[in-house]
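Asker: So that we are looking at the same thing, I have put the structure below in structure tokens.
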Amino acid sequence: MTPTAPSPVILLAGVPGAGKTETLREIKRRAPWLRVSDPEPVRDCLRRILPWVPYTVARPFVHTIAHIAAFCRILRRGGPPVVVHDPGTRRWSRLLISGLAHAAGRDAEAVFIDVDHEAALRGQERRGRVVRRPAFDRHWRRWIELRTRILAGEGLGSGEGWSRIALTTRDRAVDDVLALVFADGTGRL
């Protein structure tokens, strides 16, 4: 009997408003046994505990706590795949996620939700949480550079260690993430 490969870590990425949170909700509905790392519950918890604190003040704490929770899920040996919600536009964050995945003996895979600029802005408005324009513009500039490299077959950059990278649409994102989960049988409990 040969041992099965450790389950992967899948980065679910896209600019703010691309549809990552909606995609994760549907993934959790279809595959509730997956480990999902999403900043939304952290944000909701802080909002309940400290309702008077504006999100602009709470944001660094939300992101720090969400990253720590993601890292703990990644490093936990065994069990189902881990799906991590992150814009994926910051190299340091991608390197940390892929590096921790490899340290835990897991493959690092990435699914980027590709939307146009206006669709991302509408997505932010629809969810009722609009990213400040300078921050969104930084995400957008980095995204355009990443998207160009992905489409050219260059990956995300040297030394990042992603075994698979998928570029998808908002409508296909759930199916594409779940396809990676089950691609080699490691997604099964």
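Asker: For the range 61-110, enumerate the residues that are β-branched (Val, Ile, Thr) and part of a helix (DSSP H, G or I). Before you say what the answer is, go through the steps one by one.
Answerer: First, the residues of the range 61-110 that are β-branched (Val, Ile, Thr): 62, 64-65, 68, 74, 82-84, 89, 97.
Hits for the range 61-110 are VAL62, THR64, ILE65, ILE68, ILE74, ILE97.
Asker: Let me ask something else. Filter the range 49-84 down to the residues that are of a type in the set (A, V, I, L, M, F, W, C) and open to solvent by 60 Å² or more (accessible area, probe 1.4 Å) and list them by number. Steps first, please.
Answerer: Pass one, the range 49-84, residues of a type in the set (A, V, I, L, M, F, W, C): 49-50, 52-53, 57-58, 61-62, 65-66, 68-72, 74-75, 82-84.
Of everything in the range 49-84, those that are of a type in the set (A, V, I, L, M, F, W, C) and open to solvent by 60 Å² or more (accessible area, probe 1.4 Å) turn out to be ILE49, LEU50, TRP52, VAL57, PHE61, ILE65, ILE68, CYS72, LEU75.
Asker: To continue, here is another question. Tell me yes or no: at least one residue of the range 39-48 is of a type in the set (D, E, K, R), crowded, with 18+ Cβ neighbours inside 10 Å and in contact with a helix residue (DSSP H, G or I) (Cβ under 7 Å, 6 or more places away or on another chain). Steps first, please.
Answerer: Within the range 39-48, the subset of a type in the set (D, E, K, R) is 40, 43-44, 47-48.
Adding the requirement that they be crowded, with 18+ Cβ neighbours inside 10 Å leaves 43.
Right, trim to in contact with a helix residue (DSSP H, G or I) (Cβ under 7 Å, 6 or more places away or on another chain) and you get 43.
Yes, the conditions are met somewhere in the range 39-48.
Asker: Here is a further query. With the checklist (1) modelled with pLDDT under 90; (2) crowded, with 16+ Cβ neighbours inside 10 Å; (3) more than 17 Å from ARG106 (Cα to Cα); (4) among the aliphatic types (A, V, I, L, M) in hand, flag the one item LEU24 doesn't pass.
Answerer: Going through (1) modelled with pLDDT under 90; (2) crowded, with 16+ Cβ neighbours inside 10 Å; (3) more than 17 Å from ARG106 (Cα to Cα); (4) among the aliphatic types (A, V, I, L, M) one by one, LEU24 breaks only (1).
Asker: Evaluate the range 36-47: report whether one residue or more is touching a His at 6+ places or on another chain (Cβ under 9 Å) and in a loop (DSSP other than H, G, I, E, B).
Answerer: First, the residues of the range 36-47 that are touching a His at 6+ places or on another chain (Cβ under 9 Å): 36-40, 42.
Applying the additional criterion that residues be in a loop (DSSP other than H, G, I, E, B) yields 38.
Yes, some residue in the range 36-47 is touching a His at 6+ places or on another chain (Cβ under 9 Å) and in a loop (DSSP other than H, G, I, E, B).
Asker: Can you pull out every residue in the range 14-49 that is within 12 Å of the chain's Cα centre (by Cα) and at positive phi?
Answerer: GLY14, GLY19
Asker: Which of the residues that make up the range 132-172 are open to solvent by less than 50 Å² (accessible area, probe 1.4 Å) and either aromatic (Phe, Trp, Tyr) or in a loop (DSSP other than H, G, I, E, B) (or both)?
Answerer: PHE136, TRP140, TRP143, GLY155, LEU156, GLY157, GLU160, GLY161, TRP162
Asker: Among the residues of the range 2-21, are any open to solvent by 20 Å² or more (accessible area, probe 1.4 Å) and at pLDDT 85 or above? Step through it out loud before you land on a result.
Answerer: Taking the range 2-21 as the starting set, the residues that turn out to be open to solvent by 20 Å² or more (accessible area, probe 1.4 Å) are 2-6, 21.
Restricting the remaining residues to those that are at pLDDT 85 or above gives 21.
Checking the range 2-21: at least one residue is open to solvent by 20 Å² or more (accessible area, probe 1.4 Å) and at pLDDT 85 or above.
The values are calculated or read from the model by the stated rules, or taken from the named source; none is laboratory data. Every value quoted in this text rests on a predicted model; they were computed, and no experiment measured them. Note: ideal-geometry Cβ built from the backbone for every residue, glycine included; neighbour counts use all protein chains shown. For the accessible areas, the whole protein counts, side chains as well, though only heavy atoms, and no ligand, DNA or RNA atoms are used. Shrake-Rupley method; radii C 1.70, N 1.55, O 1.52, S 1.80 Å.
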